[in-house]
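Worksheet: one structure, shown below.
The values are calculated or read from the model by the stated rules, or taken from the named source; none is laboratory data. Treat the numbers as computed from the prediction; the structure is a model and nothing was measured. Ideal geometry is used to build each Cβ from the backbone, glycine not excepted, and the neighbour counts take in all protein chains shown. Areas reflect the complete protein model, heavy atoms only, side chains present, ligands, DNA and RNA absent. Shrake-Rupley method; radii C 1.70, N 1.55, O 1.52, S 1.80 Å.
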Amino acid sequence: MERAAGVGAGLSAGTGAVGTGRTGCTTGAEVHDRDNGSPGTDTETDTDTGTGTETGAEADAGTDTGAGVPGSPATAGAPGDTAAPAGRRNLAAATAGNALEWYDWNVYALMAPFFATKFFVTGGVGTALMSSLAVFAVGFVARPLGGLLMGVISDRRGRRTAMLLSIALMAAGSLVIGLTPDYATAGVLAPVLLVTARLVQGLSAGGEFAAAAAYLVESAPSGRRGLYSSFLYIGNLTGTLLASGLGALLALLLSADAMASWGWRVPFLVGGVAALALGVLRRGMAETLDGDTRRAASGEGLFTPLRRNARAVLTLCGLTAGATVVYYTWIVGLPAHAAAEAGVSRGNALLATTLAQIVLLAALPAAGMLADRIGPRRMVMVFAGGFAVAGVPLHALAGHSFGGLLTAEVTGLLLFSGYGATAALVMAELFPRGARGTGIGLPYAATVAAFGGTAPYVGLWAADHAPSAAFPAYVSVLCAVTFLFACFRLAPDGPAPSRPRGRPLG
């Protein structure tokens, strides 16, 4: 299996209505009944009484009728419902910003082989690359803290505020990396600035997921929450593909010396400037969290939402563990596995995973619309159960040839679409509306750091120290855990949305 350089390249392959003084009248009243005798069944109702007044972008742009029943499809509207223009603008702003977030996050690993020796001069090229990848890992360490802090901001100041701060931090981190002088010019200050910028990006990435997940679900029109949920991973994949595409283009157009001298800075500067521009776009997004809910959240302790919703936190971690290991294994580890076991060239291995990601990108909205028809719980169970059974043979198939790798990649990521399209919806419905940012932020980021961020390295270690089937078996076991959480901790999906408009869910 490829070592540091392969991991460095592979990691890169691995997630409005303008406020113009318009007045809206909204208040939110939530009832979140837990432990009502049915495992995994939580209820939440949001009501607009018309007694509160908010202006501009703070007007509630979404309908949150699915009301916190984990696994139940929020499809109160008729199947033919379409998003309002304002909803589409909010969706575009949220998704484009999310794509830039993940572009900036992933471009670091892509460019690390080009700038490693510019910042880390002790030892040889391999040592410098490992040092630069250690900085990449530092970003994962910062993500749980970012998830907590940005989640709290999301619940107390609103989704839009959290998403504005998130993209500003990511832009700042990218610009600092792109403009930081190398070690020969700045001495030890150069790697210190690099680490600091990566920590800032980790805070941003940790907070973006929770705020974006809650926003997409809350801003979705009735009957389209699954579809809107799918845009969370659509943004993630789009950003990853943009980073890979620009990196490959620069490597083809510029000489090796030019890339090492200044070419590697271009993706960071492009991403930083684009993120600032999209920050302006996000300022026009409508807020989905009403003032009463924000004020109620502001009166609570930092960890109170996590303690009060402890069972939901455990459920989220269980659902995430298998999914994040699959994502990072199939996007990052499988190409290296094919190169080591089947002699697939590095270029062909990256081609296979890129094609599979494009297939996943096309499948996500279809999977989201299917979730609106049959319910998100079924989608998660198909993903997790499919990988629990097929994970080991698919991993083995990838080690036979380029064709085997491509088949395993496409099959695996199509299965993953069942989770990717519904993750935002399932997670948001685990928590009451005023606790979604905190409830999703820290647990999700910590689970991704513990299982997803370590997956490529665990795979490398297992290749040298364990039987060949040990690591894929580990992936399958985690998926079996996710299946059990989906089966027993999410309420059964409701019937297909043939019910009349306005009929209560549940």
Residues satisfying the stated conditions in segment 176-199, i.e. open to solvent by less than 40 Å² (accessible area, probe 1.4 Å) and either in contact with a Cys (Cβ under 9 Å, 6 or more places away or on another chain) or assigned to a helix (DSSP H, G or I) (or both): ILE177, GLY178, ALA186, ALA190, PRO191, LEU194, ALA197, ARG198
So which of ALA371, ALA449, ALA435, ALA390 ends up being part of a helix (DSSP H, G or I), under 30 Å from ALA297 (Cβ atoms) and either open to solvent by 20 Å² or more (accessible area, probe 1.4 Å) or of a type in the set (Phe, Trp, Tyr) (or both)? ALA449
Within the set of pairs 6+ apart or on separate chains, which have a first residue in segment 266-284 that is within 21 Å of ALA251 (Cβ to Cβ), a second that is open to solvent by 60 Å² or more (accessible area, probe 1.4 Å), and C-beta atoms under 8 Å apart? LEU269/LEU179
What number of residues within segment 255-275 satisfy the criterion of being of a type in the set (A, V, I, L, M, F, W, C) and open to solvent by less than 10 Å² (accessible area, probe 1.4 Å)? 4
When (1) of a type in the set (D, E, K, R); (2) open to solvent by less than 70 Å² (accessible area, probe 1.4 Å); (3) at pLDDT 90 or above are applied to GLU300, the one that fails is (3)
